[in-house]
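Heads up, the thing below is written out as structure tokens.
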Amino acid sequence: MKKLHAWLAAMMLAACSVAHAEYPDHPIKMIVPWPPGGGVDTMGRLVAQGLSQELGQPVIVDNRSGAGGNIGTELAMRQPADGYNLLMGSISPNAINVYLYSHLGFDPVKDFTPITYVSAVPNILVVPASSPFKTMQDLVNYARANPGKLNYGSAGVGSSQHLAAVQFMDATKINIVHVPYKGTSPAEADLMAGHVSLMLDTTTCLPLVKSGKLRALAVASRQRNAQLPDVPTLDELGVKNVYASSWYGLMGPKGMPQDIVDKLTKATNAVLKNPEIRQRMLDYGAEIGGGTPGDFTTFINEEIQRYKPIVELSGAKLD
């Protein structure tokens, strides 16, 4: 009997130790559902670096790309909701893809726990350095006089560049032809070579603008971008309510314990205030976020609703 009591006491002590283990007590995995080098990966790695410092445990980035972010996002949904499995969410799988694909393997709202909105990078209207168009109005005037003669590149059907251009065409009442590529890099290469007339590119184009290979005519954001202080917004140029950006945010599977969500939220907000990480995000052209899980939840729902008519207008489908 004494042995039984001793065994039970030992088991209860072990159970209490597990129950009260300080989170986190081992490495955390962050799934990035895109290849290395892109915007989601860049922001994911910066946040992972900062969280490792804030939480005292390694945060390991796991790139699981494919199907417009759907493969890695579905994988993240299926992980235990224990705080050791996180996702760098983004605009495509967590807002747009619900309209592009008839059958997603996840619900972008019900299957995830939003933690913190991280950042967004605006789309930028760019033309080749050799382009005759010096201003946005030059381009719009020509396009109106010559419908269908200009074309624009994008990273593919349903990409942020595609949907930004759809908004731009609708607002300016112009008709330009879509040329989808398999990724941003080949689209930018053909833009620099003059094979396409323009792009509403992400901030991956910033080095090309700064080196003089591309010319930036406007930014599709509410405020001027810190990396392009002399480039006006579309709003300033009279093209109203065309806001297009790629955004990123930390989330996890549904059902995460609230105390862990709170700790991750606090840590992520601290990361976004870290001077070194903040500067690297600004250098990338990012608008830095922050806030509560509730703020991020509201933002996601608004983005899902906002993109429904935009995707319908584009006619894009990826089944």
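Things worth noting here:
- Prolate/oblate/rounded label for the chain (Cα gyration tensor, a/c 1.5): prolate
- Computed from the alpha carbon atoms alone, the convex hull of the stretch 181-257 holds 149 Å³ per residue.
- Residues whose placed amide H lies under 5 Å from that of Phe112, excluding near-sequence neighbours: Lys254
- For the pair His195 and Ser102, label points projected 7 Å from Cα toward Cβ lie 3.3 nm apart.
- Each residue of the stretch 306-312 was assigned a 3J(HN,Hα) from its phi angle through the Karplus expression (A = 6.51, B = -1.76, C = 1.60, θ = phi - 60°), giving 5, 7, 4, x, 5, 5, 4 Hz with x at Gly and Pro.
- Using the empirical formula 2.2 N^0.38 Å as the baseline, the Cα radius of gyration of the stretch 97-204 reaches a ratio of 1.23.
- Rounded if a/c under 1.5, otherwise prolate or oblate - the stretch 24-91, Cα gyration tensor axes: oblate
- Ellipsoid semi-axes in whole angstrom, largest first, where each is sqrt(5λ) of the Cα gyration tensor of the stretch 213-319: 29, 22, 12
- Whether the stretch 62-138 is rounded, prolate or oblate, judged on the alpha carbon gyration tensor where a/c under 1.5 counts as rounded: prolate
- Loop-resident trypsin sites (Lys or Arg not before Pro) (DSSP state other than H, G, I, E or B) in the stretch 256-319 with no more than 14 further Cβ atoms inside 10 Å of their Cβ: Lys317.
- Of all accessible heavy-atom area on the chain, the percent that carbon and sulfur account for (1.4 Å): 56
- Full extension of the chain between Asp170 and Gln57 gives 35.9 nm of extra length, using 0.36 nm per residue less the Cα-Cα distance.
- Quotient of C-alpha Rg and 2.2 N^0.38 Å, computed over the stretch 233-278: 1.78
- Shown here for the stretch 225-319: GluC sites (Glu not before Pro) in loop regions (DSSP other than H, G, I, E, B) with at most 14 other Cβ atoms within 10 Å, namely Glu236.
- Listed residue pairs exceeding 29 Å between alpha carbons, taken from Lys29/Lys213; Lys210/Lys273; Lys29/Lys308; Lys134/Lys273; Lys213/Lys317: Lys29/Lys213; Lys29/Lys308; Lys134/Lys273; Lys213/Lys317
- Length available on full extension from Asp25 to Arg78: 0.36 nm per residue minus the Cα-Cα distance, which gives 16.9 nm.
- With a Förster radius of 35 Å applied to the C-beta separation of Asn241 and Lys266, the computed FRET efficiency comes to 0.50.
The values are calculated or read from the model by the stated rules, or taken from the named source; none is laboratory data. What you see is a predicted model; the values in this text were computed from it and never measured. Glycine also receives a Cβ, built like all others from the backbone with ideal geometry; neighbour counts cover every protein chain displayed. For accessibility, only protein heavy atoms count, side chains too; no ligands or nucleic acids. Shrake-Rupley method; radii C 1.70, N 1.55, O 1.52, S 1.80 Å.
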